[in-house]
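Student: Take a look at the following structure, please.
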Amino acid sequence: MTTWHDKAAAVQADGRAFINGERVWAKSEQQFENLSPIDGRKLGMVARCDGADVDIAVAAARAAFEDRRWAGKSPAQRKRVLVRFAELMQKYGAELALLETLDMGKPIKYSQTVDVGGAANCIRWYGEAIDKVYDEIAPTPDSNLALITREPVGVVAAVVPWNYPMLMASWKIAPALAAGNSVVLKPSEKSPLTALRMAEIALEAGLPPGVFNVLPGYGAEAGSALALHMDVDCIGFTGSTRVGKQIMQMAGQSNLKRAWTELGGKSANIVCADCPNLDAAVEAAIGSIFFNQGESCNAPSRLFVEESIKERFLEKALALVPSYQPADPLDENTVMGAIVDATQLNTVMGYIEAGRTGGARLLAGGKQARTETGGYYVEPTLFDQVDSSMTIAREEIFGPVLSVLSFTDVQDAVRQANATPYGLHAAVWTSDLSKAIQTSRALRAGTVHVNQYDGDDITVPFGGYKQSGNGRDKSLHAFDKYTELKTTWIQIG
Ligand code: NAP
Ligand code: MG
């Protein structure tokens with residue numbers, strides 16, 4: 001039987017850019033090395049695109065938009081291409097999952113289900129949606145007809161992070177393409193392989209050349225050239241709050257392109273003493289922070305447990321932690337894989353050190369693991385006796401590190417939960433319906449979970465309050481980002 005390791009040994013990663021329907025190297029011929037975080041092995045070279053390549057890709061996207069080779073297709077025609085794109089993503093699912101795991105370090109089990117499955121589902125959903133959304137006629141006086149229609153904005157740039165490379169890309173490109181835009185996507189330099197493959201698959205599905213271009217490269221080169229470009233109409237950005245602020249500035253500094261940001265988080269998970277199912281709360285708290293090696297924007301990295309149940313909660317939590325010990329990402333049973341690269345590993349280890357020296361109590365983990373592999377792994381780590389002023393309670397770690405805090409009553413919990421510049425997700429566990437609703441209303445976050453943490457569906461918006469960004473991915477609301485509203489007044493007789 002061929003194992004994932006056998007398949008991995010045979011992988012020949014193509015790191016060339018994808019512009020106007022073709023694989024090309026950067027104009028400058030510059031390249032960078034792509035190393036796998038699993039074992040440090042070299043996966044291949046990647047095109048280091050910069051402003052010159054951005055100019056070419058944006059011109060191709062503009063030409064495709066202007067001649068209406070895609071925008072001019074009926075919604076039903078666009079639907080057929082996108083549904084075919086989704087089917088092909090599934091057909092090539094094993095190849096895509098393997099590339100994702102090798103490039104980014106996540107367990108192969110999840111690359112197949114969460115990443116390939118989620119990306120294909122997203123592309124299919126927007127394809128299927130686009131011929132079912134209607135425009136409006138305004139209730140104006142009889143002497144006029146006023147049409148309110150949605151038109152594609154034109155050329156959309158998408159800049160995405162490395163934590164869910166295919167999924168974050170599909171959350172941008174699927175609604176943007178469905179609406180008739182042309183897209184230039186810049187994946188993270190740390191994980192460019194699957195986005196490049198997706199562009200080939202879209203072409204195979206019948207998406208015309210030039211409509212979907214992918215430029216790998218560094219953020220400060222290819223990314224900023226897109227954000228500053230005078231002929232990009234809209235930029236959809238997912239990444240850190242620090243870079244999100246720069247994206248907004250670059251949009252303002254250039255052509256005031258529409259700038260949508262989906263940024264970082266420091267999500268609060270509040271477990272009250274009247275929690276209806278403590279075991280479920282423990283499983284969700286532990287499972288959600290260690291999922292994807294803790295590299296999730298919505299990870300519940302601040303756990304608030306009511307004083308009176310904290311000891312019992314921590315006992316149960318500690319019993320679960322060992323099952324998240326990092327293991328071989330290419331083994332189907334593995335649930336925690338490798339951290340994306342050495343830089344991120346050092347960031348995470350730096351935060352663990354800050355937790356130790358800052359006065360928190362290390363209850364589990366805290367060390368690197370599997371160093372003999374040449375890859376980057378961190379033990380599932382749990383800090384107790386954290387208070388809201390500590391670095392590990394304030395800053396996004398983006399690694400498998402949970403900070404446990406406590407509270408006396410739910411008002412106290414909400415005050416602490418909201419004392420952050422972020423506002424992505426939050427959760428409250430209680431049997432009291434009124435308390436659940438009041439707490440949910442008081443939490444300043446784009447998504448609030450009640451008695452669960454894993455509520456997730458393509459039908460609901462995903463995005464943040466405050467410095468977690470201004471955009472919403474997923475759901476029909478995502479069309480708002482990639483369309484302009486047009487009013488047409490028609491005089492009647
Ligand atoms: P990042 O450093 O902000 O990078 C995100 C993307 O921006 C990458 O493609 C990066 O390119 C690019 N970039 C970096 N500097 C740039 C610049 N000066 N101009 C233009 N583009 C630039 O974030 P990350 O470390 O990849 O991702 C982790 C962050 O994403 C976390 O904060 C996480 O919470 C957030 N996130 C948010 C959501 C959400 O939906 N709210 C979802 C997932 C992740 P290079 O990497 O190639 O340099
Ligand atoms: Mg990589």
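Where a number appears in this text, it was derived from the coordinates with a stated rule and is not lab data. No experiment lies behind these values; they were computed from the predicted model shown. Ideal geometry is used to build each Cβ from the backbone, glycine not excepted, and the neighbour counts take in all protein chains shown.
Student: Beyond 40 Å, what share of the Cα-Cα pairs of the chain is found? Please give it as a whole percent.
Tutor: On the way: 27228 of 121278 pairs.
Beyond 40 Å sits 22 percent of the P(r) for the chain.
Student: Which lysines does Lys310 reach when only Cα atoms under 25 Å apart count, and residues fewer than 8 places away in its own chain are ignored?
Tutor: Straight-distance partners of Lys310: Lys266, Lys367, Lys435.
Student: Straight-line reach only, C-alpha to C-alpha below 15 angstrom: list the aspartates and glutamates that Lys109 could link to, leaving out same-chain residues fewer than 8 apart.
Tutor: Of all the aspartates and glutamates, those that pass the test against Lys109 - Cα under 15 Å, at least 8 places apart if same chain - are Glu95, Glu100, Asp328, Asp331, Glu332.
Student: Another one. Placing unit charges on C-beta atoms (Lys and Arg positive, Asp and Glu negative, everything else neutral), compute the dipole magnitude of the chain about its Cα centre in debye, rounded to 20.
Tutor: Working: 48 positive and 57 negative charges, 156 e Å.
With only Lys, Arg, Asp and Glu charged at Cβ, the dipole is about 740 debye.
Student: Here is a follow-up. Round to the nearest 0.05 the FRET efficiency obtained for Thr371 and Ser143 when R0 = 51 Å and r is the Cβ-Cβ distance. The partial results should precede the final answer.
Tutor: On the way: r = 77 Å, r/R0 = 1.51.
The calculated FRET efficiency here is 0.10.
Student: Identify all lysines with a Cα-Cα distance to Lys190 below 18 Å; exclude those on the same chain that are fewer than 8 residues away in sequence.
Tutor: Straight-distance partners of Lys190: Lys42, Lys106.
Student: What's the exposure ranking of Met248, Met336, going from fewest to most Cβ atoms within 10 Å?
Tutor: Working: Met248 17, Met336 26.
Lowest count first: Met248, Met336.
Student: Roughly what would the spin-label model give for Asp457 and Asn333, points 7 Å off Cα along C-beta, in nm?
Tutor: The modelled label-to-label distance comes out at 3.5 nm.
Student: Which residue, chosen from Met336, Leu256, Gly294, occupies the Cα position most advanced towards the positive end of the dipole of segment 247-401, where the dipole is computed from +1 (Lys, Arg) and -1 (Asp, Glu) charges on Cβ about the Cα centre?
Tutor: Leu256
Student: How large is the helix-only mean residue ellipticity at 222 nm for the chain, computed as the sum of -39500 (n - 2.57) over DSSP H runs with n ≥ 4, divided by its residue count, in deg cm²/dmol to the nearest 500? Before the final figure, lay out the partial values.
Tutor: On the way: 15 runs with 172 residues, N = 493.
Taken over the chain, the calculation gives -10500 deg cm²/dmol.
Student: Using a cut-off of 12 Å between beta-carbons, work out the net charge of the residues near Arg41 (Lys and Arg +1, Asp and Glu -1, Arg41 not included).
Tutor: Values: positive: Lys42; negative: Glu33, Asp39, Asp103.
It works out to a net charge of -2.
Student: Beyond 28 Å, what share of the Cα-Cα pairs of segment 268-450 is found? Please give it as a whole percent. Write out the running numbers ahead of the final one.
Tutor: On the way: 3422 of 16653 pairs.
When all Cα pairs of segment 268-450 are counted, 21 percent exceed 28 Å.
Student: Taking the Cβ of Thr439 as the center, what net charge do the other residues with Cβ under 13 Å away carry, scoring Lys and Arg +1 and Asp and Glu -1? Mind showing how you got there, number by number?
Tutor: Working: positive: Arg415, Lys435, Arg441, Arg444; negative: Asp274, Glu306, Asp409, Asp412, Asp432.
My count for the surroundings of Thr439 gives -1.
Student: I've got another one for you. Sorting check: for 361-373, 191-203, which peptide has the highest mean count of neighbouring beta carbons within 10 Å, and how do the rest follow? Could you put the intermediate results ahead of the total?
Tutor: Details: 361-373: 15.5, 191-203: 24.4.
By packing density, highest mean first, the sequence is 191-203, 361-373.
Student: Place a +1 charge on the Cβ of each Lys and Arg in segment 123-209 and a -1 charge on the Cβ of each Asp and Glu, then give the dipole magnitude about the Cα centre in debye, rounded to the nearest 20. Don't skip to the answer; put the middle values down first.
Tutor: On the way: 7 positive and 9 negative charges, 94 e Å.
The dipole magnitude comes to about 460 debye.
Student: Sort out for me the Cα centre separation of segment 16-78 from segment 130-173, rounded to whole Å.
Tutor: Distance between centres, Cα-based: 23 Å.
Student: Further question: Measure up Lys79/Lys257; Lys73/Lys186; Lys132/Lys257; Lys172/Lys245 against 21 Å on the Cα-Cα distance and list the ones that go over. Provide the component values of the computation, followed by the final result.
Tutor: Working: Lys79/Lys257 27 Å; Lys73/Lys186 25 Å; Lys132/Lys257 28 Å; Lys172/Lys245 19 Å.
The pairs that break the limit, which is 21 Å between Cα atoms, are Lys79/Lys257; Lys73/Lys186; Lys132/Lys257.
Student: Can you give me the Cα centroid spacing of segment 423-493 and segment 212-252 in angstrom?
Tutor: 24
Student: Measuring from centroid to centroid over Cα atoms, what is the spacing of segment 356-384 and segment 254-296 in Å?
Tutor: 20
Student: Treat every Asp and Glu Cβ in segment 281-421 as -1 and every Lys and Arg Cβ as +1, leave all other atoms uncharged, and give the resulting dipole magnitude about the Cα centre to the nearest 20 debye.
Tutor: Numbers: 10 positive and 19 negative charges, 54 e Å.
Roughly 260 debye for segment 281-421.
Student: For the charge dipole of segment 268-450, defined by +1 on Lys and Arg C-beta atoms and -1 on Asp and Glu C-beta atoms about the Cα centroid, which residue among Ala281, Ser406, Pro322 has the Cα displaced farthest towards the positive pole?
Tutor: Ser406
Student: Okay, next question. For Phe32, what is the net charge nearby, where nearby means another residue's Cβ is under 9 Å from its Cβ and Lys, Arg count +1, Asp, Glu -1? Kindly include the intermediate steps, with their values, before the conclusion.
Tutor: Details: positive: Arg48; negative: Glu33, Glu189.
Result for the neighbourhood of Phe32: -1.
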